[in-house]
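S.K.: Okay, handing you the structure first.
The values are calculated or read from the model by the stated rules, or taken from the named source; none is laboratory data. Remember, it's a predicted structure, so these values are computed and weren't measured experimentally. We place every Cβ from the backbone using ideal geometry, glycine too, and count neighbours over all the protein chains shown. Note: areas computed on protein heavy atoms with side chains; ligands, DNA, RNA excluded. Shrake-Rupley method; radii C 1.70, N 1.55, O 1.52, S 1.80 Å.
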Amino acid sequence: MDVVIENVEEDMGECCVYDELGFNNWSSEIVYLNVLKNSSVAYLAQLGVIPRFNQGSCDITECDLILNRLSRIVDIEKPYLKICPLHRYTFGIGWKIVNQCAHLDHRDSFDATEPRGKRKKSSKKRILPFHLVRHVAQFPYGGRICGMHLQGIYLTVKEQQLVADDLNTLSDIHSYEMKVEKNSRLENINTLLISLEESPLKSQITVPLEEQAPSSLRRLTAKLRKIVSVAATNAAEGIAPGEGEKLLQLADLEEVICDRRSSNVLISSNSPIDEQHLAYLVKMYHSYEERNLPFNEQVRVLTLIPKSWKLSSPFIEEKFNCSNYAVKTARQLSDITDLPLHIEKKSPNIRQYLNPEKIDYFLSWIIESNLLVSIPWGSTNLKLENGEQFSIPRQVLQAQHSQIIYLYKQHCSIVGIDSMSERTIYSVLESIHANQSKAVTGLDQFVATASEGWTILKNIIQKLQIPRQKKHDMNIMLENNKLYLKSKYASHCSEHEQTKTHCTIYALSQENNSFYSQACNHAHDLFCEDCILIAELFDEIEDSINEIIDEEIKDELLYDLELVWDSIFQLMAHRIRAVQQEQQKKKYINAMDATTAFLTVDWSQKILPQWFREGQSSYFGKRGMSLLVGSFAFKKPSENETISKTYMLALTTCSQTEYETLCCAQLILERFHYDYPHIDKLIKRSDNASVLAGQNTIQCEKTFAESLGIKLLIRDYSEVQSGKSVCDRMSGSGKVLSKGYNNSGNNILNAFDIKKAFEYAGGIQNLMIGVAEVLEIPKQLPINRIPELCSIRNVIYNDTNIRLRKASGVGIGKPIKYENYQISNNVILVNSFDKYESYQSPPTSTTNKKRTDRMLKTFVFCPTECCTDTFESEEELNVHILLNQHTIKKSSYRTKDIAKLMLFEKIKNDSTSSLILPSTSPTTSSTHIPRHYKVFSVQGWALRTRKKVKPIDKSVKEFIKTIFEEEKLYGRKTPNEEYLTRIRTARNTDGTKKFNPKQYLTCTQIQTQIKSLAKLLKTKTTDNTQPTTDNTRTKTNLSTQTKKQNINETSFTYETDDTSSDEEQEDQRAIQQAEQLENLKQAILKNNT
C-alpha cells in the first residue's frame, strides 16, 4: 500500500489547524511508540470500526493503532520503535481511508485492462468491524474490504466455531465472547493455538472436574491431548528439523502424542494390506453393479473388508467408486451381526415432550367455550404423518389464533394449571385444519350496535384533553373489555354464580313480582373484575369529559357516552338471556324420554321465482314464496341417542299471518306424528315474532296438538338470533340444491318447483318437504289480549292452567285460564311430503366435480374401539363390520397426530370433554364499586323492557323534511347517517346550536320519519297521476298489439308513430327493443338445437 507523505513546515506551531486538531499536546520531536498511551476507541467508533454501544469493552491505545497500520511497512516486533509527528498523524488520526479493499490477496479491479465500451460498476466496500480484523493478517483498522473476502472471513470464523463446538458439553460450561483485554492467559493460549492452526478456546469450565459428567470429561481430555500432541510435534520439528520423531522418542513423549489423522489421509493404519484380496473385492463389487443387483447385495461386499486393515472412508469410496452412505451402511451391518445377511429395521423412538392430557384439556376447553364448532356442511380430512386419513364434520374457529392463545393462557393462569407454549398451541390449531369464521356468528341488532359503540368510544377517547399515556391505557382497557364481552362473558354466566353480572336467576328475576322472580340459593357478595373494568372505563371517560370547559363539546361527548353505555349494557343483557335459554334447552333435551320431541319452528327467508334464462324485464317486481321449517329432535326408543328430523312446507302464496302460521305448523306436526306415532309429548320453540307468538298462538297451539293426541308441555321463545340455527342450516342447504336445480335448466316458479329443487340430486338427508295451499276463505281468530306478551319468553302448559314466564326456568309463572277455541285448519296439503318417484335429474353433457363444502354431511362412526373409519350411511358401516376391516390406530404418535385423534374421539363419542372445566371468572370482594356498575345491582336488570317513547320535536321534523326536499332538488339520496350529522351540527344565524342533545334522534327514528315522508309523497303523486296513467297504459297496449305483427324475429328496425307524443314514442321504442331482443334470443337457441 502506498503512503503519501506531505511536506510540513518545521515550525508546526504556526499551522492554522495545529490547535484545532489537538496537536498542542504533541511533542515536536521524535518519540517512542510505547509512550503513546492515549485511547483511540472514540476515533475507531467514529470510523465505524467499533460499535458505539460497545466502546467500553475495548481498550485500543494510540500505540496499538499505529503499530497495526505500520505492520505492512516495518517490523513491528522490533523494540524501541520511534515515530515522528508527521507519521504519527499520517498513521494515526489522519489516516486516509480509500474505497478499495485492504486485503493482502486483493487485486484492484481498476488495474486490469477493461474492454472499451464496457464500464464496470463501482461497488462501495464496507469498513471491516473490529471483531473480524483479528482474523485477517496485517489488516489495518479502518480499512475497507470487498464482498468476496468478507465472505471468506465469515466462512473461516464459521469453521472455527464448528470446531470449537466440540467443547460444548451437557454440563454447566458457560460460553462467553472472547475478551482479550480481560483474560491475558486465555489470550496467550489462543494466540498459540492460532499459530498452530488449531481452533481457539472459547469457553472455560466453571464446575469442578469431580462434578463433571463422564461425557464432558472425555471431551475435555480429548481436547487437551490434541493440543499437547500438536504443540509437541511442532516444537520437536522446530528444534530438530526432519528428526522430530526421534527427538520425541528420546524424550519418552510417544504416548502423549495423540495419533489423530485428518480426514484427507487415505489409510489410517500401517498394517499390511493384501492387495490381491482387495482387488478381488473391488472386482466383485463392480460386477454386482454391472448386473444391477440390489443395493443390499453390494453393501455385503463392502462388509467383507477386514477391520484389521483400518481403511478410511475416503479410501474405500475412491477404491470401490461407491457412496459414503454405502460405506456407513456396511459398517453398521458388520457391527450388529457376525453374518452380514440383512439390517433389521428398528422402529423409530418417538419422544413425547408434551403431556397428552394438556392437549386433551385444551381441546375440551376450546369446544366448551364455543370457540371451535362443528357444522354439517362439508367435511374436514385429517391426515396423520404415517399416511392414515380419516374424516370428521367440518370444524370452524370463531376467533383468530392469536385471540384463542391469549384467552387460553389467561384461563390457565386463573385456574392455576400449566399452559402449553404459544407455539405448541398454534401448532395444535393448525393440525386440526379448522376454518376461521370471516363474520360474527349470529350478528344482530345488539351485536351491531355494540360494535359501533366501541368505535364511538374510541373516538371519544381521542378527543379527550388528557395525557397521551392515559389515552393509551384507556385504549388498552377498551380492547380488553371488547374481547371479554365477545368471548368469555357468556361462558361465565350460569345459575350458580355469586356475582350479580353473571347470575342468570338474579338478572332475569323481576323485582317485587312473585310470578316472574325466583330466589337464589346463594349470596351475591362477589364482584367480577372484568365487569368492574368495563364500568371503570366509562367512569374514567365521564370524569375526563366533565373537566372540559367548553359546554357544547362536553354535552356532545356526554350524549355519545350515554348511547355507548346503553348499547354495551343491552349487549350484556342479551348475552345472559341467550345463555339462560340454551342452558334450559339442554335440560329439556337431557330430561326427555323416548316419547317426547323438541320442535323448532321458523319461517325461512322467502324464495323468489327464478327462470333458467331470465330477461331483465322479468327480474323486478317478483313476489316471494313462503317456506316454513320445522325441525324435530327426539331419542330412539332403544338407544339413548338423539336424532333429528326436519320437515318443510312450501307455499306459493301466503301472507304469513298468525292463523296461517298455526295451520302450516299443524300440517308439519301431522306428518311427524304419522312417521313417529310413539311420540305423544312435545316441547316447542320459535322466535318471538308476532306471527309465531301472537295473542292467540299460545291457546291455539295446545288445541291443535291435542287434536292429534299430543300433549304440549312447554312453549319457548328464543332470544334474538339465537336458538333457531338448525332451521337456518337446513333452509340454507336446500337453497344450495335449488341453485343447482335452476342451473341445470329448470325454472322455479311455484311451490311444486321448490319441492323438486330441494329434492334435486337425492335431496338432503333427514329432510322432507311438502306443498300446501291457503284456502281463499280467510279465518279470523278470536281476540284475547295477554298483558306484557312481548316480554314473555316461556310458557308452561299444566292440567288446569297456563303459566307465563319472562325467562326460561325463572319463577313460577303468571297463570292464565284455558280458552275453549273452536278452530279449523285453513291450509290444505296439495302435495305430500314423500319424494317424487318419477323425478330424475336431467342429463348433462359435462360432469362437474361435487363441492364437498356445500354438501350436508352425516358421519357414522365405527363402534369398534380405536377404529378411525367413518361412513356416510348405515349400509357402509354394516359391510365394514362384517368384513372386519378396521383401521386401528397405533400407540405412538407425535403431538399433532395426538391432537387429531383426540378431536376425532370427542366428535365420535359426541362428548366435548371428559373433564369438568371450572369457572374462570375472576372475582373480588372489593368495596370500591364504579358508578356505572350500580345498574347491575337492580334485580332483573337483564329483562327485556320497552323503551320509553320520546316524542320528536316539531322543529326537528321540519328540518328533516327540508333535507328530504333537497333530495328532489339535487337528485341524490341522503344517507340516514348524514341526516343525523346535519341535525347535530346545524346552527342558527347567530352561531348557536340549533338543537340540543335532548332533541337528537336515533338512526331508527330518522328512518321512520323518512319512510313516512316518502309514503306521503307517493300517495300525493298517485292521486294526481292516476287518470293519466290509465289512459297512457291503454294506448300503449293497443299500439303494442299492432306493432307485434310487423316485428321480424331477427330485425332491429324501430318503427314509431309520428303522431304520438314523446312519452308514447319512448314507451314504444322500449317495448319493441325488448321484444326484438327476446325473439332474436329464441331464434339463436333454435339454431343451436
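S.K.: Which far-off residues, 5 or more places away or on another chain, put their amide H under 5 Å from the one on Asn831, with H placed in the peptide plane?
M.R.: Placed amide hydrogens put Val771 under 5 Å from Asn831.
S.K.: Ok, one more. How much of the pair distance distribution for the range 419-552 lies past 21 Å, counting alpha-carbon pairs only, in percent?
M.R.: When all Cα pairs of the range 419-552 are counted, 62 percent exceed 21 Å.
S.K.: Can you give the alpha-carbon Rg of the range 272-322 over 2.2 N^0.38 Å, where N counts its residues?
M.R.: 1.09
S.K.: Quick one: go through the range 515-534 and flag any residue whose amide nitrogen is under 19 Å from the point 7 Å out along the Cα-to-Cβ line of Arg803.
M.R.: 515-521
S.K.: What is the gain in length, in nm to one decimal, between Ile476 and Tyr80 on full extension, counting 0.36 nm per residue of separation less the C-alpha to C-alpha distance?
M.R.: Difference between extended and current length: 135.7 nm.
S.K.: Another one. From the cross-link list Lys645/Lys735; Lys383/Lys409; Lys735/Lys756; Lys470/Lys554; Lys458/Lys482; Lys486/Lys635, which pairs have alpha carbons spaced over 22 Å apart?
M.R.: Cα-Cα > 22 Å for Lys383/Lys409; Lys486/Lys635; rest within.
S.K.: Read phi for every residue in the range 76-92 and hand back ³J(HN,Hα) as whole Hz from Karplus 6.51 cos²θ - 1.76 cosθ + 1.60, θ = phi - 60°, with x for Gly and Pro.
M.R.: Result, ordered by residue: 6, 7, 5, x, 6, 7, 10, 8, 8, x, 5, 6, 5, 6, 5, 9, x Hz.
S.K.: Please compute the modelled spin-label separation between Tyr154 and Lys968, points set 7 Å along Cα→Cβ, answer in nm with one decimal.
M.R.: 7.6
S.K.: Can you count the Lys pairs in the range 954-1019 whose Cα atoms are under 17 Å apart, with each pair 8 or more apart or on different chains?
M.R.: The number of close lysine pairs in the range 954-1019 is 20.
S.K.: Step through the residues of the range 317-326 one at a time and calculate ³J(HN,Hα) from phi using the Karplus curve (6.51 cos²θ - 1.76 cosθ + 1.60, θ = phi - 60°), rounding each to whole Hz and writing x for Gly and Pro.
M.R.: These are the phi-based 3J(HN,Hα) values: 4, 6, 6, 9, 6, 10, 8, 5, 5, 5 Hz.
S.K.: Please give the length that would be gained between Arg72 and Ile589 if that part of the chain were fully extended, namely 0.36 nm times their separation in residues minus their C-alpha to C-alpha distance (nm, one decimal).
M.R.: Residue separation times 0.36 nm, minus the Cα-Cα distance, leaves 176.8 nm.
S.K.: Let me ask something else. Along the Cα→Cβ direction, 7 angstrom out, place labels at Ser313 and Ile239. What is the inter-label distance in nm?
M.R.: Computed distance between label sites Ser313 and Ile239 equals 3.8 nm.
S.K.: Kindly state, to the nearest 0.05, the FRET efficiency for Asn99 paired with Arg218, given R0 = 41 Å and r defined as their beta-carbon distance.
M.R.: So the FRET efficiency works out to roughly 0.20.
S.K.: Once you have the Cα-Cα distance between Thr985 and Val282, take 0.36 nm times their residue separation minus that, and quote the gain in nm to one decimal.
M.R.: Full extension of this stretch gives 243.3 nm more.
S.K.: Any idea how far apart Gln656 and Asn750 come out in nm if each label point goes 7 Å out from Cα toward Cβ?
M.R.: Those two pseudo-labels are separated by 2.2 nm.
S.K.: Taking Cα centroids, how far is the range 604-651 from the range 134-162 in Å?
M.R.: 76
S.K.: Please report, to two decimal places, log10 I(q)/I(0) for the range 616-676 at q = 0.16, 0.20, 0.23, 0.28 Å⁻¹ as given by the Debye formula with identical point scatterers on the Cα atoms and no solvent.
M.R.: -0.65, -0.83, -0.96, -1.17
S.K.: Per residue of the range 658-668, what does 6.51 cos²θ - 1.76 cosθ + 1.60 with θ = phi - 60° give for ³J(HN,Hα)? Whole Hz please, x for Gly and Pro, Karplus curve as stated.
M.R.: 3J(HN,Hα) across the range 658-668, in whole Hz: 5, 5, 5, 5, 4, 5, 5, 5, 5, 5, 5.
S.K.: Which FRET efficiency value, to the nearest 0.05, is calculated for Glu368 and Ile816 with the Förster distance at 30 angstrom and r the Cβ-Cβ distance?
M.R.: 0.20
S.K.: For a protection proxy built on the mean count of beta-carbon atoms within 10 angstrom, sort 457-468, 762-773, 620-631, 982-993 highest first, please.
M.R.: 762-773, 620-631, 457-468, 982-993
S.K.: Counting only the heavy atoms of the protein chains, how much of Asp543 is accessible to a 1.4 Å probe, in Å² to the nearest 10?
M.R.: Asp543 exposes around 70 Å² with every protein chain in place.
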